[in-house]
Amino acid sequence: MKRPYVLAAGTLVVVGTTVAVAWPGPDAGGTTAAPPTVSLSVVDEAGAPVPATVDIGDGAKPVAARVELRSGPVLATVSAPGHLAEPVPLGLEDAGKTVPVRLLSDHGGKRYVLHSAGDVMFGRRYQDAPEPLVPRTDAGRGAESVVDAIAPAFRLADLRTVNLESVISAAPREAAYPSKRFILESPPATTDGLKKLGVDVPSLANNHTRDFQDAGLADTTTALTAAGFPIVGLADGDRPQPAYHKQIRGNEVTMLAYTSVDGSFVNDSYARSPEGEAWQNERRHWQFGTRVPDAARTIGEAWQIFDRLEAKLPPSEVAALWTSITQVYPELQDWVARRGHGGAAPWNPKTSPAEISAAKKGLTVVQLHSGFQFQTASGKSTREMARAAIDAGADLVIAHHPHVLQGMEWYKGHLIAYSMGNFVFDQDFLATFSSAFLRTVWEGDQLVEARVVPVEIDGYRPAAATGGAARRTLNGMWANGLRDVQAQREPDQSVSTTPFVRDQYSRPAQFRFEHGTARLTADAPPESPVPVTVPPHSDAVIPFDGLIRPEGPLSVGRDLFGWGHFEDDTADGDPDAATHWPPSTGPLIGGGALGDAGYLQLSGNPTGKLARPVARIALPRQPEAAYTVRAKVRVSPGATPLLRVTSYHFDDSDPTEDPDSRLLRDIDRTTQVPSDGAWHEISFDLTPAELGEGGNMVLLYAGVRGDSAMDTVDLDDLEFVEWRPATGDWAGYDYVRNHGDTAVTATFHGMGSR
């Protein structure tokens with residue numbers, strides 16, 4: 001529970017106390033307390049009660065039966081004859097409540113459902129860990145296990161699509177594309193994981209389908225075909241990709257997939273390689289007939305010659321030119337179908353819209369692999385592509401590539417999802433763990449309903465998100481769509497975010513929170529007044545869990561971490577509230593099926609080892625912000641709590657080299673806390689300067705100062721709060737700060753609270 005607190009800059013201070021919480025457990029007679037339960041109220045589109053059933057994996061039961069949260073949150077399937085089955089995540093904060101669910105009619109079998117998710121792979125860290133989730137000796141069963149928790153929800157559709165961001169092959173690493181930074185390969189047996197998810201279309205139009213060049217393409221198509229999957233998003237040379245067509249309940253569905261991530265920006269960067277680079281400035285002899293005389297050139301110089309000639313030559317000669325130059329410079333990157341070889345279908349603004357128009361039959365879905373990695377703003381070029389696809393006849397556009405969730409918008413009445421983030425992926429940045437899938441219901445080619453189902457990837461396993469985790473994800477996607485900004489690549493290859501002006505055809509997708517998910521609409525929900533009063537030089541909680549539009553002479557804060565409250569918010573069948581903390585972190589008291597929250601118990605140790613989450617927190621630095629680390633602690637006699645922030649500089653701007661990640665400094669804070677059995681709030685402020693020059697990521701640590709195992713610190717509500725001026729932008733804010741000498745009372749605008 002969040003409470004007001006006061007800060008003294010630069011020091012760790014005690015700012016308040018709360019009483020200890022007793023968690024439910026065995027009573028005096030040794031019996032176990034009953035698990036929390038949830039009731040469901042199910043109605044049809046007209047609001048009339050429906051005799052539905054609910055299934056949480058143990059068989060369908062009448063909806064009148066209360067749902068037990070015996071092992072924490074659950075993923076329920078709510079069904080009724082003549083209606084479309086609905087996935088309903090139920091969290092511990094729903095305990096003791098009645099959750100309303102509205103089922104859509106199937107209109108006599110005429111309506112059908114599409115589920116669309118983002119990036120999927122089963123290699124790399126899935127296989128390379130000491131205890132791999134996808135062992136090489138049993139990759140199929142491992143892949144199935146990875147998706148066990150989310151599969152029941154994702155399967156509740158008639159057509160399911162993902163972006164298969166991987167070669168499917170058993171080729172050795174030596175066969176991979178030379179000098180490509182990130183190589184993704186999943187064993188052929190992992191197609192069992194796709195089957196477990198119920199995937200119908202694994203799109204291949206992305207920047208990893210050529211990670212093992214032509215041989216990898218052949219392996220991938222062979223493995224997918226053998227497993228019964230269609231080949232979608234691949235093309236051969238300069239020929240257009242074949243469209244995917246399927247009949248669903250008497251309705252024709254068409255799908256095409258394209259990518260704009262073709263590798264050329266990597267080649268462009270070779271020309272700017274600084275002097276002294278090991279191989280980028282190595283000179284090699286290259287000649288191509290009379291068009292390119294023999295001379296010793298760097299890879300950047302050779303690429304510039306190729307780039308100038310390509311637009312002037314016919315396709316057959318371009319193919320020969322590419323073969324010639326890559327024999328000398330095999331490090332040149334080309335990840336799409338062109339220049340005489342196959343690969344991902346590239347987006348061409350001159351020809352792709354015409355391909356969409358020609359292929360259109362019934363409902364037409366276009367997938368786009370485009371944008372900028374880890375950017376929450378949609379890419380300028382992605383926006384242009386998506387609009388061109390809709391103008392050409394697409395009814396729905398699903399985009400991916402940034403590995404994080406972005407916003408959605410309506411363009412001429414059609415939905416664009418700008419980035420669905422990761423779905424089954426092994427990246428280890430905190431921002432890449434939040435996920436979702438899009439559920440759309442159709443009748444013919446008319447959209448009946450669109451809904452976002454929030455997902456969290458914990459330990460590389462996706463599961464439905466509930467409670468605070470679900471709201472963070474949904475609020476973030478919603479706010480991303482409301483911001484009128486777009487990302488674009490600058491001439492120096494950097495990525496910037498710039499404002500844009502919406503035209504008459506564009507409206508941001510609005511979110512309506514319903515049974516742990518969000519229904520998408522064009523009209524905004526009603527705004528609510530959110531009054532706050534903040535004493536001088538103090539901070540206060542914003543009592544609202546939707547989006548806030550703050551204005552006035554105040555700063556607003558949001559917790560960039562989100563996982564320090566030790567609440568079980570994932571429907572993974574495991575009553576463990578230490579999401580995104582290593583399994584060896586320490587005893588977790590409470591949480592899971594015992595309640596909606598818990599705390600971590602830390603002990604002194606001679607090694608000085610501290611507990612930490614599994615991932616670093618990225619810090620947006622433009623404009624610079626201020627930060628606060630805060631937590632609640634309860635200590636044993638003589639124990640001293642220790643909080644640490646380790647700052648890093650992370651630079652991924654050079655696409656020809658591995659990212660540069662440097663530890664900058666450790667910032668430690670301790671304080672004395674009364675050992676009175678009560679919880680005490682502690683906190684300290686940080687400035688960007690204290691993080692070190694270029695500090696753009698932090699990792700949080702917590703522990704006990706001292707080496708005695710008898711010294712214990714109970715930890716809860718660990719937060720890393722970012723403070724920015726109240727500028728009137730919609731976002732999910734947690735706190736408000738008053739820098740002045742007098743109390744301030746303000747009324748903010750709010751949307752979407754439960």
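The values are calculated or read from the model by the stated rules, or taken from the named source; none is laboratory data. In this text the structure is predicted, and so the values were computed from the model without any measurement. With ideal geometry, Cβ positions are generated from the backbone for all residues, glycine too; neighbour counts draw on all protein chains shown.
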>> For the range 628-663, give me each residue that is closer than 16 Å to Gly695 by Cβ, in a strand (DSSP E or B) and in contact with an Asp or Glu (Cβ under 6 Å, 6 or more places away or on another chain).
In response: Thr628, Arg644, Thr646, Asp651, Asp660
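Condition test on Arg471, is it basic (Lys, Arg), assigned by the TED database to the domain that holds Ala157 and either assigned to a strand (DSSP E or B) or modelled with pLDDT under 95 (or both)? Working first, answer last.
Details: basic (Lys, Arg): yes; assigned by the TED database to the domain that holds Ala157: yes; either assigned to a strand (DSSP E or B) or modelled with pLDDT under 95 (or both): no.
Judged against the criteria, Arg471 is not a match.
What residue, of Gln493, Gln446, is touching an Asp or Glu at 6+ places or on another chain (Cβ under 9 Å) and at positive phi?
Numbers: Gln446 fails: at positive phi.
Answer to the check: Gln493.
This table checks each residue for (1) surrounded by fewer than 24 Cβ atoms within 10 Å (Cβ to Cβ); (2) out of contact with any Asp or Glu (no Cβ under 7 Å at 6 or more places or on another chain); (3) β-branched (Val, Ile, Thr).
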| position | (1), (2), (3) |
| --- | --- |
| Ala149 | yes, no, no |
| Val162 | no, yes, yes |
| Ser166 | no, no, no |
| Glu174 | yes, yes, no |
| Ile183 | yes, no, yes |
| Leu194 | no, yes, no |
| Ser203 | no, yes, no |
>> Within the range 412-453, take every residue that is without any contact (Cβ under 8 Å) to a residue 40 or more places away in the chain and in a strand (DSSP E or B) and give me the one that is farthest from Thr376 (Cα to Cα).
In response: Gln446
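Can you name every residue in the range 45-95 that is of a type in the set (Lys, Arg) and either in contact (Cβ under 8 Å) with a residue 40 or more places away in the chain or touching a Leu at 6+ places or on another chain (Cβ under 8 Å) (or both)? Please lay out each step first, then the result.
If we filter the range 45-95 for residues that are of a type in the set (Lys, Arg), which is where we start, we get 61, 66, 70.
Residue satisfying the conditions is Arg70 alone.
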> Only one residue in Leu699, Leu715, Leu686, Leu691 is touching a residue at least 24 places away in the same chain (Cβ under 8 Å) and under 18 Å from Ser603 (Cβ atoms), so which one is that?
Replying inline: Leu715
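Select from the range 206-226 the residues that are closer than 19 Å to Arg181 by Cβ and among the acidic types (Asp, Glu) and list them in ascending order. Step through it out loud before you land on a result.
Keep residues of the range 206-226 that are closer than 19 Å to Arg181 by Cβ, which gives 206-213, 216.
If the condition is that a residue be closer than 19 Å to Arg181 by Cβ and among the acidic types (Asp, Glu), then Asp211 is the only one that fits.
This table checks each residue for (1) charged (D, E, K, R); (2) in the same structural domain as Phe561 (by the TED database); (3) assigned to a strand (DSSP E or B); (4) surrounded by fewer than 19 Cβ atoms within 10 Å (Cβ to Cβ).
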| position | (1), (2), (3), (4) |
| --- | --- |
| Arg665 | yes, yes, yes, yes |
| Pro674 | no, yes, no, yes |
| His680 | no, yes, yes, no |
| Asp685 | yes, yes, yes, no |
| Gly694 | no, yes, no, yes |
| Leu700 | no, yes, yes, no |
| Gly703 | no, yes, yes, no |
| Asp707 | yes, yes, no, yes |
| Leu715 | no, yes, yes, no |
> When the range 68-92 is examined, which residues are found to be over 20 Å from Arg451 (Cβ atoms) and touching a Lys or Arg at 6+ places or on another chain (Cβ under 9 Å)?
Replying inline: none
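Please note which helices (runs of 4 or more DSSP H) are completely contained in the range 96-188 and include at least 2 residues that are under 30 Å from Asn251 (Cβ atoms) and among the small types (Gly, Ala, Ser). Outline the logic, then answer.
Values: elements: 125-128, 139-146, 151-154.
Fully inside the range 96-188 and qualifying: 151-154.
Among the listed residues Asp214, Asp219, Asp238, which satisfies the condition of being touching a helix residue (DSSP H, G or I) at 6+ places or on another chain (Cβ under 7 Å), surrounded by fewer than 21 Cβ atoms within 10 Å (Cβ to Cβ), more than 20 Å from Arg155 (Cα to Cα) and of a type in the set (Asp, Glu)?
Values: Asp214 fails: touching a helix residue (DSSP H, G or I) at 6+ places or on another chain (Cβ under 7 Å); Asp219 fails: touching a helix residue (DSSP H, G or I) at 6+ places or on another chain (Cβ under 7 Å).
When all the criteria are applied, what remains is Asp238.
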